[in-house]
């Protein structure tokens, strides 16, 4: 059975993360600082990349108890290796900005 995965991030809106959100920055002009926003990121289109993402995030793709990302467990070197296969570097920089700004990030596999 194949798997694809992504990461859902939830956290407080702020100008420091406005460029990292799903929609253009202009859409958030009326948002108050601290309002909760969501972001879907790190979309993987294959089972192998989804498994590599889980490994780089320090979690088990089949153990839902581990799916909340702990930023201290992220292997950024491995994450940059995935950039060449799946995303551009900007996507990874945005994810790093979110996780460093207290967003809760959750690995979401689709089996």
Subset of the range 49-91 [under 23 Å from residue 13 (Cβ atoms) and free of Cβ contacts under 8 Å to residues at least 40 places away in the same chain]: 68, 70, 71, 74, 90
Residue match in the range 35-44 (condition: under 13 Å from the mean Cα position of the chain (by Cα), outside any strand (DSSP E or B) and surrounded by fewer than 19 Cβ atoms within 10 Å (Cβ to Cβ)): no
The range 21-33, residues that are surrounded by 10 or more Cβ atoms within 10 Å (Cβ to Cβ) and in contact with a strand residue (DSSP E or B) (Cβ under 9 Å, 6 or more places away or on another chain): 21, 22, 28, 31
Tally of residues being out of contact with any helix residue (DSSP H, G or I) (no Cβ under 8 Å at 6 or more places or on another chain), under 19 Å from residue 4 (Cα atoms) and assigned to a loop (DSSP other than H, G, I, E, B) across the range 45-80: 5
Filtered residues of the range 5-30 (kept if closer than 22 Å to residue 70 by Cβ and either part of a strand (DSSP E or B) or free of Cβ contacts under 8 Å to residues at least 24 places away in the same chain (or both)): 5, 6, 7, 8, 9, 10, 11, 12
Where residue 103 falls short, out of the listed (1) crowded, with 19+ Cβ neighbours inside 10 Å; (2) on the phi > 0 side of the Ramachandran plot: (2)
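Every number here is computed from the coordinates shown, using simple stated rules; none is lab data. Keep in mind the model is a prediction, meaning the values are calculated, not measured. Reconstructed Cβ throughout: ideal geometry from the backbone, glycine too, with neighbour counts over all protein chains shown.
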